[in-house]
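Structure, as C-alpha cells:
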Amino acid sequence: MTEGLREIAFDTETTGFEAWGDDRLTEIGCVELIDFLPTGNTFHTTVHPEGKEISAKVTEITGHTNESLRDAPKFIDVAQKFRDFVGESQMIAHNANFDMGFINAAMKRYNFETYPTARFIDTLTMAREKFPGASNTLDALCKRFDISLASRTVHGALVDAELLAKVYLELRGGRALTMDFETEEEIVAVVTANTRPRPNPIGLLSTDTERAIHEDFIKSTLGENPIWKRYD
C-alpha cells in the first residue's frame, strides 16, 4: 500500500482540438508523485488514431505521423492499464480541460467510466492565480522556474508530464515544500546553523564515474540549479 499523498502528473498528445468530435488521442504520458516528488514510476503509451489523419502541423508539434503510429495500440487496448496506473489518485494536467476532455471522450467511446472534474488539478489555473497577466504556458513556467527544457525536442506526452511534475512542485511552493519548510531561507538557516570546517578534511571517496552518475541524478530530479548552488 502506497504511503503518502499520491498524485499523477499526465499529458496527452492528440490529432487536434475536438475531443468530443473526430479527433483522437495519439499519446499518453503519466508520472507518479508521492508527497510532491516524482518516484520514477511512469506510464507511457502511443495510441493509434483509428482512421483520423494526422496533419502536417500536428506532426511538426508532436513528431507523430499516421505511419509512425500504424502499429500503436488502440485506446481500447490501453485504457485499463491507464486506469490501473492512475488508480484513485488526483490527476494533474496543464490546461486540464483539454486533457480531461480527450481522456473522458475516449473512455466514454469504449464504455469505461469517465473521470469527474474534481479528480483534476489544473496547473494553468494555479499559474494564472500566481502570475496574473504573465505567459503561463508550460514552456514559460519552465523558464520562470529554471527547469531545463533540454530533454524536449517535440511535444512528447511523457517528457511534458515530467516537466509538468516539476512545475507543479514549484507552483505548490517549491522544493522547500517537500522538507516541511515554507521558504528556502528556512532550509539554509537550518543547514548552515553551527556548521564549521572539519579540522582534517576527508578526501573524495567516490570515483569520477560515480560522481558523474550522481550529478546526472541531481539534474534529473532537482534541475540545473539546486538550492546548495544558490547559497554560499
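Just so you know, all these numbers are worked out from the coordinates, no wet-lab data involved. Please read all numbers here as calculations on a predicted model, not as lab measurements. Positions of Cβ are backbone-derived with ideal geometry, glycine not excepted, and every protein chain shown enters the neighbour counts.
Report the calculated FRET efficiency for GLU60 and ARG144 (r = Cβ-Cβ distance, R0 = 22 Å), to the nearest 0.05.
0.30
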Say the dipole of the range 6-172 comes from +1 at the beta carbon of Lys and Arg and -1 at that of Asp and Glu; which of ILE92, THR125, SER55 then lies farthest toward its positive end? THR125
What distance in nm separates the two pseudo spin-label positions at ASP35 and ALA212, each 7 Å out from Cα along the beta-carbon direction? 3.3
The range 115-135 and the range 9-88 have their Cα centres apart by a whole-number Å value of 21
Linear extension gain, THR137 paired with GLN80, 0.36 nm per residue minus alpha-carbon span: 17.5 nm
Cα centre as origin, Lys/Arg/Asp/Glu Cβ charges: the range 6-172 dipole, Debye: 220
